[in-house]
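Below is one structure, written out as structure tokens, with a few remarks after it.
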Amino acid sequence: LQVLTGIIGGGLLRYATLSSETIHFIGYPGTIFMNLLKMLIIPLIVASLVSGLAQLDARSSGKVGSRAIAYYALTTTHAVILGIIVVMLIHPGDPSIKHHSGELAVDKGSISALDKFLDLIRNMFPENIVRASFQQQETERILNNVTGKTIFHVKYTDGMNVLGLIMFCIVMGVVISATGKPAKPLGDFFIALDIVITKMVGIYMCNIQVDDLAKTAQVLGLFIVTVVSGLAIQAFITLPLIYFVSSRLNPYVFLKGLIPAIMTAFGTSSSAATLPITFRCLNDLGVDHRITKFVLPVGAMINMDGTALYEAVGSIFIAQLNGMDLNIGQIITVSVTATLASIGAASIPSAGLVTMIIVLTALGLPSNDISLILAIDFLLDRLRTAVNVIGDAYGCGFVYALCKDDIERLEEHDNDLERDGLDHWGHKSQNTLHIDVNEG
């Protein structure tokens, strides 16, 4: 209700004549709110991943991980292909639109798809885990004016290395689970940290900078229709179908339970900031907390169905604006690059718009043309974030349905230990700490 009130209020205020200072002060509380949520992203991801995996045995965590990765690969690839099909059929790009905007200089850039792929792998194994919390590695090509040769240089850029943190947490959680009793104090620490961080987010628990949105929508209306059509197919047909095949349950009942998370995603434009609400929704839907604590944080960082589709549609749209007819090789390039770029996109507002530069560079298109869709990104960013969150949630349901028997066997094992006076770690229980599923 609060998110909906903010959206309606912000929409109405666009029609008022407000000074830039007034707009700044109105948006100030929202800035503070987003800062509070962003502040907890790292501890929330670390605590959720480590505590969730620490409570699974090694064989179960392996099955959960493999099935989650299979789901991410399937849905992201489908989203990109769907986006390409939709934008090619509707063909929203009209070169005359760009003509009115004036010719823009072509920015070839120096980042290739291969560079981005290698950067993704490199960032999965950071040399300094502390540095990974605020910087990531990026390949830079430097032309030597003397020799005329290109030198490859790896530099650090500002931005959280999410993949590196996730890899570190996954390894730590699995090792804690496999080690057993000697690692119990460390496992208990992350379980307690997860509870505390979740409560902090609960305690903590929009902008009006878009000018003349109606006119912009008229100029780029067909592009909006194209993106929304693709997102709607992904959210209401593809993802529910995958969930239904795996669980044999009504996917739209599941979708209805995600409404609070969807509205939060629409209001914040951040799947990471929406994590606490998504956790709560999945808990209410009966998805085991040990599954959500592992699958959901990873999905929020690398499973970007909406972003992948948007980048494919946006890059081909810009190619159409430039009168460029894509051949099969270039379409494959869009598919691969959009997939990799979406994986590397941070779960923050408008991250997909930034990573689209990589796709445009791979096609040799001017990255400055992104300015043509910048005005409507305010709306589309929220829609694709909502689809990202829906995809992450369905992923948890998908993995839980496939791993339910293993989870039930693990629960029976824990119940046997409890009857023998032992805890999950296999030694005498002192009733010190346990996870309440209602906290997930």
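The values are calculated or read from the model by the stated rules, or taken from the named source; none is laboratory data. These numbers were taken from a predicted model, which means no experiment stands behind them. Here the Cβ is made from the backbone with ideal geometry for all residues, glycine too, and neighbour counts use every protein chain on show. What goes into the accessible areas is simple: the full protein's heavy atoms, side chains included, and nothing from ligands, DNA or RNA. Shrake-Rupley method; radii C 1.70, N 1.55, O 1.52, S 1.80 Å.
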Please indicate, with yes or no, whether at least one residue in region 314-328 is open to solvent by less than 10 Å² (accessible area, probe 1.4 Å) and within 26 Å of Ile166 (Cβ to Cβ).
no
Per the list (1) at pLDDT 75 or above; (2) within 30 Å of Val64 (Cα to Cα); (3) of a type in the set (A, V, I, L, M); (4) not in a helix (DSSP H, G or I), residue check on Met160 breaks on (1)
State all residues of region 144-193 that are of a type in the set (Lys, Arg) and buried (at least 17 other Cβ atoms within 10 Å of the Cβ); if no residue qualifies, say none.
Lys184
Among (1) at pLDDT 90 or above; (2) within 27 Å of Thr31 (Cβ to Cβ), the one test that Asn207 misses
(1)
Tell me, yes or no, whether region 286-302 has at least one residue that is among the hydroxyl-bearing types (Ser, Thr, Tyr), touching a helix residue (DSSP H, G or I) at 6+ places or on another chain (Cβ under 8 Å), part of a helix (DSSP H, G or I) and surrounded by fewer than 24 Cβ atoms within 10 Å (Cβ to Cβ).
no
Which condition number in (1) part of a helix (DSSP H, G or I); (2) buried (at least 20 other Cβ atoms within 10 Å of the Cβ) is the one that Pro260 fails?
(2)
Of Tyr243, Tyr252, the only residue that is loosely packed, with under 14 Cβ neighbours inside 10 Å, in a helix (DSSP H, G or I), at pLDDT 80 or above and on the phi < 0 side of the Ramachandran plot is Tyr252
Every residue from region 7-39 that is modelled with pLDDT of 70 or more and either of a type in the set (S, T, N, Q) or within 16 Å of Thr274 (Cβ to Cβ) (or both):
Thr17, Ser19, Ser20, Thr22, Thr31, Asn35, Leu36, Met39
Would you call Asp107 open to solvent by 30 Å² or more (accessible area, probe 1.4 Å) and modelled with pLDDT under 85?
yes
In region 234-273, which residue that is of a type in the set (Ser, Thr, Tyr) and within 23 Å of Val313 (Cβ to Cβ) is nearest to the chain's Cα centre (by Cα)?
Ser271
